[in-house]
Structures are given as C-alpha cells and as structure tokens.
Amino acid sequence: MTATVKSKGLNIALWVAQVLISLTLIWAGYAKLFQPIEETAQMLPWALDNPGLLKITGIVDLLGGIGIVLPAAFRLQPKLTVLAAYGTMALMIAAMVFHISRGEVSLIGMNIFFFILAAFVAWGRSKKAPITGK
C-alpha cells in the first residue's frame, strides 16, 4: 500500500470522526439549549438539578461541534479544528468526573468513546494529516 493511499484513508477516517463528533455535539447543544428542560431531563437526569450547567455545556457543545469541522472544511484557521478536538477531550473528562461524582459511572462510556475520537482527531490533524489554510 502506498503512502498516498494510507494518507487518503487516514484523511477519510479523520473526516468521519470529525463529522460524528460534530453532529453529536450539535445535537446535544440543541437539546440542552432549545428543548424544554423537562424533555432534556428525560435524557439527562441531572438537567433539572443543574439548569445553569445545562446551558453552559449546551453552548460549549455547539461551539465544539462547529469548531471541529468548519475551520478545516473552509480551510480558514484550520488549527482551530485541533483546538476544538482538545476542547472536546477536556469536555469529556469534565463530563466523566461529573458523572462519577454523581455515582453515574455507567454513563461514562459515551464520554470515553468521544474522548478517544477527539484524541484521534487532535493527533491526526496536528501530526499526520494536517489541513493547511488557504
């Protein structure tokens, strides 16, 4: 297998990871910010106890979801995509700590999954398949 084929495959895998993270974070941000809190509380039991945290994480989710794709897609400040990946990793660590502190260890599986995806994006877009600006 040539380096070009490997590079193209890695680039595709990175884009898939970026889009998956983006769609998930944008969906979560929308739910946290625009759905009635009672609906959101059905998915996120902590929402009613922490409405301020719900709104803050909703904003962070939306910004992260946008930041992990748009700078790379438009090739405008593509390093922001790497920073968004690091931010997503930090968000997932914070979410894991939050869930563990509430005795909700069974809920951190998705946080671990998205932490790993974000780490892959950070590594790939900074070291192996960076996007260059215009």
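Values quoted throughout were computed directly from the atomic coordinates according to the rules given, and no laboratory measurement underlies them. Keep in mind it's a predicted model, so treat the numbers as computed, not measured. Backbone-built Cβ (ideal geometry, glycine too); neighbour counts: all protein chains shown.
For segment 105-112, 3J(HN,Hα) computed residue by residue from phi via the Karplus equation (6.51, -1.76, 1.60; θ = phi - 60°) reads 4, 5, 8, 8, x, 5, 5, 5 Hz, glycine and proline entered as x. Here r is the Cβ-Cβ distance between Leu53 and Arg75 and R0 is 22 Å; the resulting FRET efficiency, rounded to 0.05, is 0.05.
Fewest-first ordering of Ser106, Ser22, Ser126 by other beta carbons within 10 Å of each residue's beta carbon gives Ser106, Ser126, Ser22. Counting only Cβ charges, +1 for Lys and Arg and -1 for Asp and Glu, the dipole size of the chain around its Cα centre is about 900 debye.
Neighbours of Pro45 by Cβ distance under 14 Å: Lys/Arg scored +1, Asp/Glu scored -1, total -2. Residues Glu38, Glu104, ranked from the fewest to the most other C-beta atoms within 10 Å, line up as Glu38, Glu104. Label-to-label distance, Met43 versus Ile12, with points set 7 angstrom from Cα along the beta-carbon direction: 3.0 nm.
Compared with the dominant principal axis of the Cα atoms in the chain, helix 51-67 is inclined by about 10°. Taking each residue as 0.36 nm, the span from Ala94 to Lys127 lengthens on full extension beyond its C-alpha to C-alpha distance by 9.3 nm.
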